[in-house]
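As structure tokens, the structure follows; a few thoughts come after it.
The values are calculated or read from the model by the stated rules, or taken from the named source; none is laboratory data. Computed from a prediction, not measured in an experiment: that's the story for all the values here. Quick reminder, even Gly has a Cβ in these numbers, built from the backbone with ideal geometry, and neighbours come from all protein chains shown.
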There are 4 protein chains.
Amino acid sequence: MSHGIIGWLGTGRMGTAIVNRLLDADRPVMVWNRTPAKTGPLAVRGAQVADSIATLAACDVVYVMVSGPADLEEVVLGEGGLLGGDARPGVLVDCSTVSEEVSARIRAAAAALDVAFLAAPVCGNPEVIAEGQGSFIVSGPVKVFEQVRPDLEVVAKTVVHVGEREQARLVKLAHNLYLGMMVQSLVEVVTLAEKAGTSRAAFMEFFNGSALTSPWIRRRGPELVDRDWHLTFTTELLRKDFDLGLAAARELEVPMPTTSAVYQLIQSAIGHGLRDEDFLSLYELQAASAGLAADA
Amino acid sequence: MSHGIIGWLGTGRMGTAIVNRLLDADRPVMVWNRTPAKTGPLAVRGAQVADSIATLAACDVVYVMVSGPADLEEVVLGEGGLLGGDARPGVLVDCSTVSEEVSARIRAAAAALDVAFLAAPVCGNPEVIAEGQGSFIVSGPVKVFEQVRPDLEVVAKTVVHVGEREQARLVKLAHNLYLGMMVQSLVEVVTLAEKAGTSRAAFMEFFNGSALTSPWIRRRGPELVDRDWHLTFTTELLRKDFDLGLAAARELEVPMPTTSAVYQLIQSAIGHGLRDEDFLSLYELQAASAGLAADA
Amino acid sequence: MSHGIIGWLGTGRMGTAIVNRLLDADRPVMVWNRTPAKTGPLAVRGAQVADSIATLAACDVVYVMVSGPADLEEVVLGEGGLLGGDARPGVLVDCSTVSEEVSARIRAAAAALDVAFLAAPVCGNPEVIAEGQGSFIVSGPVKVFEQVRPDLEVVAKTVVHVGEREQARLVKLAHNLYLGMMVQSLVEVVTLAEKAGTSRAAFMEFFNGSALTSPWIRRRGPELVDRDWHLTFTTELLRKDFDLGLAAARELEVPMPTTSAVYQLIQSAIGHGLRDEDFLSLYELQAASAGLAADA
Amino acid sequence: MSHGIIGWLGTGRMGTAIVNRLLDADRPVMVWNRTPAKTGPLAVRGAQVADSIATLAACDVVYVMVSGPADLEEVVLGEGGLLGGDARPGVLVDCSTVSEEVSARIRAAAAALDVAFLAAPVCGNPEVIAEGQGSFIVSGPVKVFEQVRPDLEVVAKTVVHVGEREQARLVKLAHNLYLGMMVQSLVEVVTLAEKAGTSRAAFMEFFNGSALTSPWIRRRGPELVDRDWHLTFTTELLRKDFDLGLAAARELEVPMPTTSAVYQLIQSAIGHGLRDEDFLSLYELQAASAGLAADA
């Protein structure tokens, strides 16, 4: 067993950004990736490269960041997976974005083999992570959380424990629901000011100077001003997050009146042809409904 | 005519905070207040005290900050008011919170006497102003705006020109509508997480580390966590802002689907007994609707 | 004083339809109209024609049906009006559509002269009245209501006393709010079925055979099927009723979550160009939002 | 093969009511029920009783009305089921309430054996059926529909063909969504009138005389007036219909803004303790939100 070496499975863009932060802090890291070539840049910076998942599984703590539930189940539970061999990590930390159901299934399988499990989805894109501005939302046994916390804090400025089970998955959905509401709220007041004769640019200059703005709005505001709906996150993808978030709310019997009003507007925006635009284009539906003539 | 001296009418808490910023920057200021005693602290710091509005009216630029439309009309248009004597300022700047209708009436009366008029409501409370973190939203002729801008920038970090007429009034209402939506959106996702087993404290710790939070939420978050609805701004006062904002939206024929959903929730909160609590107590209605047992 | 003769002021289309019902039942009626020619058909059928409002005012009970508040105030309170001369009726019944404020003002003026007042707006168009299918919504002293009830029951199948003051005005607004919600609700389920492949005609055939349909929907259903938005009542007029109804709800502090969602959709429909179409055209906005290709 | 005899599987309360209508019209009917005793009253009135599903399967047309999808799949596709033996009906008509998915699965299985399939859910309760006031919503091949239509018309006053596939299932859901919106709309205007001083009884008397009422409201109005929430259909069951209807709308990408606002109110009503009351108790949530003191 390789005491003290951090195992990392999955070195796509996000995984690479996170491992780079660990290497910056001189943490020893062993990586594995299905496409081995992607581990090259990390090897150059000092990461060990495992020749198999079995080798990686010998690390005390192994993090996984893959692209979805099918991949996660395969690399963890599948043949030759992290939990399938003789050597098994003491702690498994999943940083992928998967549902509560999948998360609970992995946790149960790990528990049956005495492997502790943390759900630890990340907020932020690779650039944000690289700047140390990301967040880890973590759920699982608090004792295990405290064990890995120092490593997480090297990576991200916010590291929060939100519960003993799968709560981290829901908190990430809650974050995305708020994002949609924030944008729709902004879009309503922007068009209101605009129809009264205040340009979007002037309004955003004011808004970004107020105590109501957010780092997200400051960053994306110029695109709203320019009606630049280049792809960051499509309206259809936002709808998917609302599908999941509202399904969770239904399961928990929590009414979400505002969320739900925004969800219907997202659906209307899709009906009006904005499916594949960035979801900031919720502006376009609102402007049309307000009878604002399109800019020249 | 007293060239270069800034005239200031109304030295309540907000007016005093603003004049202090001007004095800090060594600007010469002449003040007048209905209750003369309130000008004392400013006089000690070097402000001249006018013996009458007529004296103040001889300044080139006179700012007014009074508590409402009736006072504004009296000190400007009434007998012995700023526009009622022989000496009249070249520019009148109103920083009070009044409706577009009142604003337009004052502007017309000023124009008839060749006095330029700026609407310049302020965002921020006296503490925020004192720290230089306030905002001026200004509307009126851009040339006049440029003339007074250097003084406004001494006071507040954000000084934005939003239109040639009364737009500043609407932009301030838009700000308040967004505030209500922001809080209701937060309250929905907080209760969702809470019912799944994440404490409000943990959720807010996460949220305040994310790119979605705002300075306002960071400041008031602890009260939401503690369910401390001490009075900053009551649910009933928020409803008043929504009354005005939605009336303006109706006038402009701008649909406000999310705003309007939040407005109805504010009304429901009042029906459920939260009229005189701080409007953060929108949490209580949402928690009750989610079937969350009240905390011990 | 002309005991027992019913006075009727205002013989437009609605007034004529109502007086015809009274004449059908052999009730003695005296009429007056600003444009005297319009009383001709009624005179032929046996109605007396008053030469002045003063003459009409001598009847024990005088009904008024004029086109709005200004007319009402003039014929009742103005010079030469019903309450302005020596002879005054014992009971004044107003069947016009006016606000609670106007209604209360008339009531107070009447009370000061010992004239009892009933607010009695009508539901139904002239054809519906002619068939005896209309409704009177009445508010005012119940004793006075009982006095005139036999005459009202000759005219309309439904005659209901809804309160001692101006409640009849609000009940009529409530009727119109429900109408808007009924149509929007229908439009949502129609488009849902349509997108699944059920024609509007088939859906309406089913719906009109169910216990959920209403006489109004049965009557107007064919226009929805044919997308025939010929003018009966425009989207803009419906918005006006919602303006008034929601203002009353606000005054009474009654949240109206569904009503308010529909109101915003009406506003959006106007933004999308449906202002002057019949309000059944709410279908068009919903169909567009659902991405339904327009019919050939 | 028993030409001309109608096969009927499932003689619970609804099945019995329907078969009675067929017997009233002298149609020959052969019935089968899992609990044979329940066929007794029909046998007395002249129905043949099949000793097995295999015997019933020899009828040209067999109707099925069972309590849910599991039962349906068993009696149709299971061992000894309608499609499992040598004799098979030419036409299978399912009158149960099941999802589109189940319906499509049965249709495919039937098609593989050359058995035509109609989805034919029923609207109305046994009393309504007994009076001939029920409805059949039918989807499947129109030619097959025309073949069975004469029998359906003996049973119900409304028999409508709504599509070639599973549309009948969706139309029934659409009916139930409208039902929820109708009640919430009514509840909003009732409380509005009530807070102005019009009793629920007076309002309903007026409403039921207007062109907006429906047979359903006329029937259930007295319970709303009396706040009698005895169980007909619980708030929780209505929520289930909204779950299904809104899931179908999501699948079809049809925004349902009003439906969705009502759905959230249903969820809030459950949070406020109305889960097991009749869903007319949506009144209670609305009355509480309006600050209406509970009646004595």
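Restricting to region B:1-11, and then to whatever is crowded, with 20+ Cβ neighbours inside 10 Å and small (Gly, Ala, Ser), can you tell me which residue is farthest from B:TYR63 (Cα to Cα)?
Among them, the one singled out is B:GLY10.
Report the residue count in region B:107-145 for those that are polar (S, T, N, Q) and surrounded by fewer than 23 Cβ atoms within 10 Å (Cβ to Cβ).
Kept after step one, since they are polar (S, T, N, Q), are these residues of region B:107-145: B:125, B:133, B:135, B:139.
Narrowing the set further to residues that are surrounded by fewer than 23 Cβ atoms within 10 Å (Cβ to Cβ) leaves B:125, B:133.
Total meeting the criteria: 2.
Answer with yes or no whether C:ALA261 is touching a Pro at 6+ places or on another chain (Cβ under 7 Å) and assigned to a loop (DSSP other than H, G, I, E, B).
Details: touching a Pro at 6+ places or on another chain (Cβ under 7 Å): yes; assigned to a loop (DSSP other than H, G, I, E, B): no.
For C:ALA261, the condition - touching a Pro at 6+ places or on another chain (Cβ under 7 Å) and assigned to a loop (DSSP other than H, G, I, E, B) - is not met.
Could you grab me the full set of residues in region D:1-24 that are over 23 Å from the mean Cα position of the chain (by Cα) and either under 26 Å from D:PRO69 (Cα atoms) or aliphatic (A, V, I, L, M) (or both)? Full working, then the answer.
Residues of region D:1-24 over 23 Å from the mean Cα position of the chain (by Cα): D:1-5.
Matches in region D:1-24: D:MET1, D:ILE5.
Which residue is farthest from the other protein chains (Cβ to nearest Cβ), if the candidates are limited to region A:211-242 and must be basic (Lys, Arg) and surrounded by fewer than 17 Cβ atoms within 10 Å (Cβ to Cβ)?
Residues of region A:211-242 that are basic (Lys, Arg), as a first pass: A:218-220, A:227, A:239-240.
Filter once more, keeping what is surrounded by fewer than 17 Cβ atoms within 10 Å (Cβ to Cβ): A:218-219, A:227, A:240.
Numbers: A:ARG218: 9, A:ARG219: 7, A:ARG227: 17, A:LYS240: 11 Å.
It comes out as A:ARG227.
Table: residues versus (1) in contact with a Lys or Arg (Cβ under 9 Å, 6 or more places away or on another chain); (2) in contact (Cβ under 8 Å) with a residue 40 or more places away in the chain; (3) of a type outside the set (Ser, Thr, Tyr).
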| site | (1), (2), (3) |
| --- | --- |
| B:MET65 | no, yes, yes |
| B:GLY78 | no, no, yes |
| B:GLY81 | no, no, yes |
| B:ALA111 | no, no, yes |
| B:PHE117 | yes, no, yes |
| B:ARG149 | no, no, yes |
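Please specify each residue of region B:211-258 satisfying the condition of being in contact (Cβ under 8 Å) with a residue 24 or more places away in the chain, more than 27 Å from B:GLU166 (Cβ to Cβ) and assigned to a helix (DSSP H, G or I).
B:ILE217, B:ARG220, B:GLU223, B:LEU224, B:VAL225, B:THR235
If you check B:GLN267, B:GLN286, which single one turns out to be more than 9 Å from chain C (Cβ to nearest Cβ), of a type in the set (S, T, N, Q), more than 20 Å from the chain's Cα centre (by Cα) and part of a helix (DSSP H, G or I)?
Values: B:GLN267 fails: more than 9 Å from chain C (Cβ to nearest Cβ).
Going through B:GLN267, B:GLN286 in turn, the sole match is B:GLN286.
Can we say B:GLU223 is in contact with a helix residue (DSSP H, G or I) (Cβ under 9 Å, 6 or more places away or on another chain) and on the phi > 0 side of the Ramachandran plot?
Working: in contact with a helix residue (DSSP H, G or I) (Cβ under 9 Å, 6 or more places away or on another chain): yes; on the phi > 0 side of the Ramachandran plot: no.
Taking the combined requirement at face value, the residue does not satisfy it.
Return yes or no: is C:VAL31 in a strand (DSSP E or B), touching a Ser or Thr at 6+ places or on another chain (Cβ under 6 Å) and not basic (Lys, Arg)? Break it down stepwise before answering.
Values: in a strand (DSSP E or B): yes; touching a Ser or Thr at 6+ places or on another chain (Cβ under 6 Å): yes; not basic (Lys, Arg): yes.
The answer is yes for C:VAL31.
Within region B:103-125, is even one residue farther than 30 Å from B:GLN286 by Cβ, facing another protein chain (nearest Cβ under 8 Å) and among the basic types (Lys, Arg)?
We begin by selecting, within region B:103-125, every residue farther than 30 Å from B:GLN286 by Cβ; these are B:103-122.
Going one step further and asking which of them are facing another protein chain (nearest Cβ under 8 Å), we end up with none.
Scanning region B:103-125 turns up no residue that is farther than 30 Å from B:GLN286 by Cβ, facing another protein chain (nearest Cβ under 8 Å) and among the basic types (Lys, Arg).
Give the residue that is farthest from B:ASP151 (Cα to Cα), with candidates limited to residues of region B:96-135 that are among the charged types (D, E, K, R) and modelled with pLDDT under 95.
B:GLU101
Among the residues of region A:159-210, how many are touching a Lys or Arg at 6+ places or on another chain (Cβ under 8 Å), more than 7 Å from every other protein chain (Cβ to nearest Cβ) and free of Cβ contacts under 8 Å to residues at least 24 places away in the same chain?
Number of matching residues: 1.
What about B:ILE266, is it at pLDDT 95 or above and over 21 Å from A:VAL159 (Cα atoms)?
Working: at pLDDT 95 or above: yes; over 21 Å from A:VAL159 (Cα atoms): yes.
For B:ILE266, the condition - at pLDDT 95 or above and over 21 Å from A:VAL159 (Cα atoms) - is met.
Only one of these conditions is not met by B:GLY273: (1) small (Gly, Ala, Ser); (2) over 21 Å from A:MET182 (Cα atoms); (3) buried (at least 19 other Cβ atoms within 10 Å of the Cβ). Which number is it?
Of (1) small (Gly, Ala, Ser); (2) over 21 Å from A:MET182 (Cα atoms); (3) buried (at least 19 other Cβ atoms within 10 Å of the Cβ), only one is false for B:GLY273: (3).
For region D:59-106, how many residues meet the condition of being in contact with a Ser or Thr (Cβ under 8 Å, 6 or more places away or on another chain), surrounded by fewer than 20 Cβ atoms within 10 Å (Cβ to Cβ), of a type in the set (Gly, Ala, Ser) and closer than 23 Å to D:LEU244 by Cβ?
2
Given the criteria away from chain C (no Cβ under 12 Å) and more than 24 Å from D:SER214 (Cα to Cα), does D:ARG149 qualify? Before the answer, list the steps.
On the way: away from chain C (no Cβ under 12 Å): yes; more than 24 Å from D:SER214 (Cα to Cα): yes.
Yes.
Just name the residue that is surrounded by the fewest Cβ atoms within 10 Å (Cβ to Cβ) out of those in region A:12-28 that are free of Cβ contacts under 8 Å to residues at least 40 places away in the same chain and not in a helix (DSSP H, G or I).
Selected residue: A:ASP26.
Confirm whether D:VAL128 is within 14 Å of chain C (Cβ to nearest Cβ) and under 13 Å from the mean Cα position of the chain (by Cα). Write out each step before concluding.
Numbers: within 14 Å of chain C (Cβ to nearest Cβ): yes; under 13 Å from the mean Cα position of the chain (by Cα): yes.
Yes, satisfied.
How many residues are over 16 Å from the mean Cα position of the chain (by Cα) and assigned to a loop (DSSP other than H, G, I, E, B) if we restrict to region A:165-185?
The first filter runs over region A:165-185 and keeps only residues over 16 Å from the mean Cα position of the chain (by Cα), leaving A:165, A:181-185.
Cutting the leftovers down to assigned to a loop (DSSP other than H, G, I, E, B) gives us A:165.
Number of matching residues: 1.
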